[in-house]
Amino acid sequence: MKVRTYTNSIQLSSKTITKIIAVSIAAFITALMVFNGLSVVSYAKTSAKAGADAVLQDLQTYAVSKEYQKAAEYLHDIYNDGSIFQLGVSSASPVIKDNGDGTGCGLYQGLDTFPDGRATIYFYYGGMAGGIRSGNGTVINWSWDSEGSATGYYTFEGSFASDLPNGSGTSTEVVYGLYTNIIAGNYTNGLEDGAMIESQIKEVMEEFEYRDLTYTSIGGVRQDKAREVAEHIYEQITAYGVQESCTVDSIETELRNWAALQGGYIYMYDPNYTNVCNHGFGLDEDDGPFCNYEWCVWTTDGSVNGVKHIAG
């Protein structure tokens, strides 16, 4: 999935303050990651040897105090050395701890897989009755890149029923020093279902860019928006005064051809861009209108893979 972010208009004084704070926080976080990461790693390995109860209790403590970074590092370490599987967690058998007070926690195998083919493991804490997740709960895992390396942390906070996310929920993925993605919407049986809002905060050249976008998912599959994007581009080209040289259909064809090269179709775009010249539109060497599609659209292969799903 390709993701691009852009800058919304922000007051200079606010940007300057944000930049100073961001740089300071980034440096502080980096130092803390080195120190805390080492201590969490050592502690996690020791707890794993003590068994599932010790691991679940540690992770529950982190979840209750909202120390998501520490929980993610803890999970990553016992996953890397394989000790998490020695606790007995599998797709057919999560390892759970029902607190008997309407809450509980557990380790669950998700639908996602790493580049090496191994399944992911998520930690859950929240409402639980009879070992079944129900009510409000939080899922925690680490974030990873295309090579499977840990890059930050991931959380989902929302409503659970029938042991799966059902109802409203919000996922947050923090990739250290790069970006934060927040997706809010409805979930059915652990999958995105309906209108979703994605908010992005990205650090670029020590400054922050913000944007909100929408897309629609049905059963976890993000729906195609190529036609809407083509109509939007045509409106912008029309405003630029060169509409005679293309049509909505021709733009849609080019969009679909371009998206196919990316391995999928367009599911989301930036509808707020109105300045044609400054955002990828203009005239090519043959004096025809063009759009740098990579700068204004997102693509997906239409599967539930490539998007974090926590059913399981």
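The values are calculated or read from the model by the stated rules, or taken from the named source; none is laboratory data. These figures come from a predicted structure and were not determined experimentally. Ideal geometry is used to build each Cβ from the backbone, glycine not excepted, and the neighbour counts take in all protein chains shown. To get the accessible areas, we keep the full protein, side chains included, count just its heavy atoms, and leave off ligands, DNA and RNA. Shrake-Rupley method; radii C 1.70, N 1.55, O 1.52, S 1.80 Å.
Scanning segment 100-109 for residues that are at pLDDT below 95 and open to solvent by 40 Å² or more (accessible area, probe 1.4 Å) turns up GLY100, GLN109. Checking the structure you have, find out if any residue of segment 207-214 is open to solvent by 40 Å² or more (accessible area, probe 1.4 Å) and either in a loop (DSSP other than H, G, I, E, B) or in contact with a Gly (Cβ under 7 Å, 6 or more places away or on another chain) (or both). No, because not a single residue in segment 207-214 is open to solvent by 40 Å² or more (accessible area, probe 1.4 Å) and either in a loop (DSSP other than H, G, I, E, B) or in contact with a Gly (Cβ under 7 Å, 6 or more places away or on another chain) (or both). When residues in segment 110-134 are screened for being within 17 Å of VAL304 (Cα to Cα) and open to solvent by 50 Å² or more (accessible area, probe 1.4 Å), 5 of them pass.
Could you say whether any residue in segment 223-239 is closer than 18 Å to LEU111 by Cβ and open to solvent by less than 30 Å² (accessible area, probe 1.4 Å)?
No: zero hits.
Across segment 75-84, the number of residues qualifying as touching a strand residue (DSSP E or B) at 6+ places or on another chain (Cβ under 8 Å) and open to solvent by 20 Å² or more (accessible area, probe 1.4 Å) comes to 1.
Would you call ALA259 in a strand (DSSP E or B), aliphatic (A, V, I, L, M) and either open to solvent by less than 50 Å² (accessible area, probe 1.4 Å) or at pLDDT 85 or above (or both)?
Details: in a strand (DSSP E or B): no; aliphatic (A, V, I, L, M): yes; either open to solvent by less than 50 Å² (accessible area, probe 1.4 Å) or at pLDDT 85 or above (or both): yes.
So ALA259 does not fit the description; no.
So if I check each of GLU147, GLU157, which one is touching a Ser or Thr at 6+ places or on another chain (Cβ under 9 Å) and either part of a strand (DSSP E or B) or more than 21 Å from TYR215 (Cα to Cα) (or both)? Steps first, answer last, please.
Details: GLU147 fails: touching a Ser or Thr at 6+ places or on another chain (Cβ under 9 Å).
Going through GLU147, GLU157 in turn, the sole match is GLU157.
Which residue is surrounded by the fewest Cβ atoms within 10 Å (Cβ to Cβ), if the candidates are limited to segment 264-280 and must be at pLDDT below 85 and of a type outside the set (S, T, N, Q)?
Taking segment 264-280 as the starting set, the residues that turn out to be at pLDDT below 85 are 269-280.
From what's left, of a type outside the set (S, T, N, Q): 269-271, 273, 276-277, 279-280.
Numbers: TYR269: 22, ASP270: 18, PRO271: 14, TYR273: 17, VAL276: 20, CYS277: 10, HIS279: 17, GLY280: 16.
Per the criteria, the residue is CYS277.
If only residues of segment 171-205 that are open to solvent by 50 Å² or more (accessible area, probe 1.4 Å) and hydroxyl-bearing (Ser, Thr, Tyr) are counted, the one that is nearest to the chain's Cα centre (by Cα) is TYR179.
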